[in-house]
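Notes follow once the structure below has been shown.
What follows draws every value from the coordinates through simple rules; no lab data is involved. None of these values were measured; they are calculated from a predicted model. Cβ: placed from backbone, ideal geometry, glycine included. Neighbour counts: every protein chain shown.
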Amino acid sequence: MSMTRRTLMAGGVLAGPVLASAPGLAGGGAALAAPAAGLPGVYRYAVGEASVTALHEGGVMRPLDASFVRNAPLPEVQAALEQAFLPTKTFPTTFTPLLLTLGGKRVLVDAGFADQGPPGTGGALRGLALAGIDPGAVDAVVISHFHPDHILGLKRKDGTPTFPNAQVLVPEAEWRFWMDDGRMANPPDALKTNLGIVQKTFGGGLKVERYPWDKEVLPGLTALGTPGHTPGHTSFRLESGGRRLLIASDITNHPALFVRHPDWSAIFDMDADQARATRHRMLALMADGRAPVAFYHAPFPAAGHIARAGAGYEFVPLQWGVELA
């Protein structure tokens with residue numbers, strides 16, 4: 001897709017802790033530590049006339065080894081984590097789906113895990129309950145790409161839809177890659193697990209509609225092609241009342257590594273070169289356009305701005321209760 005600085009320029013975002021609680025996680029195993037296990041984290045802010053509710057799905061700790069960043073020595077990665085006051089033997093990954101209110105419709109961007117994830121996840125459903133929203137009241141779920149942490153939550157363990165009345169909207173390019181008959185019939189070893197999850201998730205019971213890039217998925221929400229992390233990885237531009245927010249999905253994993261060092265390639269990026277090019281392009285547009293941004297894997301509430309810093313960038317997080325300009 002073609003994007004210009006003009007497409008991302010514009011509009012601050014009004015932010016405020018309309019509803020918030022401690023972002024606790026269900027304990028056990030490799031779950032991130034929390035002061036009080038099981039408490040949901042919810043943070044709501046406004047984008048023009050739309051509202052955005054960040055839902056803390058939870059997090060896990062991944063053992064850190066040389067394979068995690070494929071093109072940087074492990075000591076350099078550990079030094080970057082130490083600089084960010086993070087562990088150097090494990091890597092913290094958090095997940096933040098967003099609930100949008102657009103024109104009276106409730107729209108979830110990415111589905112988390114529901115009850116199918118590892119210990120320490122499932123917080124988005126608890127957050128919805130805290131906000132007084134039944135899963136059956138969600139009108140649409142927009143998926144950015146088909147990695148498990150984004151799609152498993154579309155269904156419960158028993159196979160029933162988590163959001164029974166929702167239209168599920170998926171990127172055309174992502175569907176074309178993962179649902180290819182030949183790839184399904186003879187899956188490459190590296191893709192077998194994910195292909196099985198995709199097939200199980202979309203094998204029936206969901207109302208699925210595919211969307212193209214560079215068009216509105218829903219009024220006020222435009223799909224932006226940002227491939228590399230996966231072939232059909234998609235970000236979104238939310239526009240309402242003259243304000244904008246870029247929902248950047250997984251163009252980076254943790255900003256302490258991949259915003260500060262945009263050339264580094266995480267193990268999760270399927271096409272490292274394309275993902276790197278996409279990351280550079282998008283981070284430059286965010287920084288130069290001063291566009292507010294939300295990430296899926298940034299520390300909760302996973303929104304803020306990108307600023308240039310030497311050869312790389314810095315993520316400047318949203319401060320609770322302060323406008324995201």
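Which residue fluctuates the most in the chain, going by a Gaussian network model with Cα springs under 10 Å, if the choices are Gly153, Gly241, Gly304? Highest fluctuation among the options: Gly241.
For region 199-325, rounded, prolate or oblate, judged on the Cα gyration tensor with a ≥ b ≥ c (square roots of eigenvalues), a/c < 1.5 rounded, else prolate if a/b > b/c? Note, shape of region 199-325 comes out oblate.
At q = 0.13, 0.16 Å⁻¹, what log₁₀ I(q)/I(0) does the chain have when each alpha carbon counts as one equal point scatterer in the Debye sum? Log10 of I(q)/I(0), two decimals: -0.94, -1.55.
For region 40-108, the percent of C-alpha pairs falling in each 5 Å distance bin, counted from 0 to the bin holding the largest distance, reads 4, 15, 17, 15, 11, 10, 11, 10, 6, 1. Of the residues Val47, Thr222, Ile197, the one whose Cα sits farthest toward the positive end of the charge dipole of the chain, with +1 on the Cβ of Lys and Arg and -1 on the Cβ of Asp and Glu, is Val47. So how far, in whole Å, is the C-alpha centre of region 135-213 from the one of region 263-293? One Cα centre to the other: 24 Å.
Within the shell of other residues whose beta carbon sits under 12 angstrom from the beta carbon of Ala307, the net charge comes to +1, with Lys and Arg scored +1 and Asp and Glu -1. Each other residue within a Cβ distance under 13 Å of Gln78 adds +1 if Lys or Arg and -1 if Asp or Glu, for a net charge of -2. Longer than 26 Å from Cα to Cα, which of Lys89/Lys155; Lys155/Lys192; Lys105/Lys207 are they? Say none if no pair is. Pairs exceeding the cut-off: Lys89/Lys155. When only the Cβ of Lys, Arg, Asp and Glu is charged (+1, +1, -1, -1), the dipole of the chain relative to its Cα centre reaches about 300 debye.
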